[in-house]
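Here the structure is laid out as structure tokens; the discussion comes afterwards.
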Amino acid sequence: MLDPVRRSLGRHLRTLRIAAGMSQSTAGKAVYLSAQSIGRIEDGQYTRMSNLHINALCDLYGVTGDGRELLLELIQQSREARRSRQDWWSPFTDLLSADELDRLALEQHAVAGTAFGGTLVPRLAHTADYRHALERILHPHDPPTDIDRRVELAEQHRERIDTNNFQARIYILESALRHVMGGPEVMLAQLSHLVEISARPTVSIRIIGPEVTSHIGLHLASFVLLEFGVQLAGDPPEPPEVFIDGAPRSLRLQRDGDIGHYESVTDQLSRIALSEKSSRILLCEIAQDYRA
């Protein structure tokens, strides 16, 4: 599972290694680690690592002074976070893929995110009943107890996002709001929930209607782009992460080019979507249709 602090540490170490013109194998041999361990460290995955390793890598890469202190501070932050961390999702790990565990870990540290729903409401805004209907489709062979656990996981996830001042920008195709999931009553509750949260200062919901033709949203799977703040004073913000909401599991994109593409996509969605006010009015109108 990704460690957000080690993600920053790994990014710094990868940059230094590449600048030094070394392979992961060469770096690993010099500090008595395998190439695979160097790769995991650079990817932000937890790997046992001491100050001796950090100092040895600094010697290898020619890092001194403030640069060395920065890396040692990050490894210390990681240790402290690991000792104090309580992963609320631990009871559900048997239901989660590695990418989904990474997503939950990273979302706890994200400051903002853009979610897009092309055929369904984005998971950040699901009601319990909507999620239950969706889980029954995604996992038709699971026993009811596991379906209930998946819904409980989604509910706890949503509550965590709601309470950490996460700034959510949500774009939804209008057709996704008219696609009935679980029946009219479930959809009425889901639309009412969207209307309610759209009034929060931390949530922006904007709809893309059928009057907009041949736009990028027609070619996208549902996704979330997570944004992060600064890990250490003086550093730039940590780079974003993108997760695709596929069936039945989320997929983390790891190539810089893919992430840059989705940053561009969010700009395009912003240009074609209705305003927040117009979107709220439309949400109320669609909700009224489900009352009929």
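Here the extension length gained between C284 and R271 equals 2.4 nm, from 0.36 nm per residue of separation less the Cα-Cα distance. Short-range pairs are left out: with C-alpha atoms under 8 Å and at least six residues apart, the relative contact order of the chain is 19 percent. Between E159 and R249, the modelled label-to-label distance comes to 2.6 nm, taking each label 7 Å out from Cα in the direction of the beta carbon. Of the options (i) 0.97; (ii) 0.94; (iii) 1.03, only one is Rg/Rh (Cα atoms, Kirkwood Rh) as computed from these coordinates, and that is (iii).
Sorting C58, C284 by solvent-accessible area of protein heavy atoms yields C284, C58, largest first, with a 1.4 Å probe.
Projecting label points 7 angstrom from Cα along Cα→Cβ for S264 and T64 puts them 4.3 nm apart.
Taking the Cα centre of region 1-110 as reference, the dipole from Cβ charges on Lys and Arg (+1) and Asp and Glu (-1) amounts to some 320 debye.
Between A110, H219, Y290, the Cα set farthest toward the positive side of the dipole of the chain (charges on each charged residue's Cβ, about the Cα centre) is that of A110. The residues of region 145-272 expose on average 48 square angstrom of accessible surface per residue, using a 1.4 Å probe on protein heavy atoms. Mean residue ellipticity, 222 nm, helices only, the chain: the sum of -39500 (n - 2.57) across DSSP H runs of n ≥ 4, divided by residue count and rounded to 500, is -17000 deg cm²/dmol.
The values are calculated or read from the model by the stated rules, or taken from the named source; none is laboratory data. Model, not experiment: these values are computed from the prediction. Because the Cβ atoms are built from the backbone with ideal geometry, glycine has one as well, and the counts that use them run over all protein chains shown. Ligands, DNA and RNA are excluded from the accessible area calculation, which covers all protein heavy atoms including side chains. Shrake-Rupley method; radii C 1.70, N 1.55, O 1.52, S 1.80 Å.
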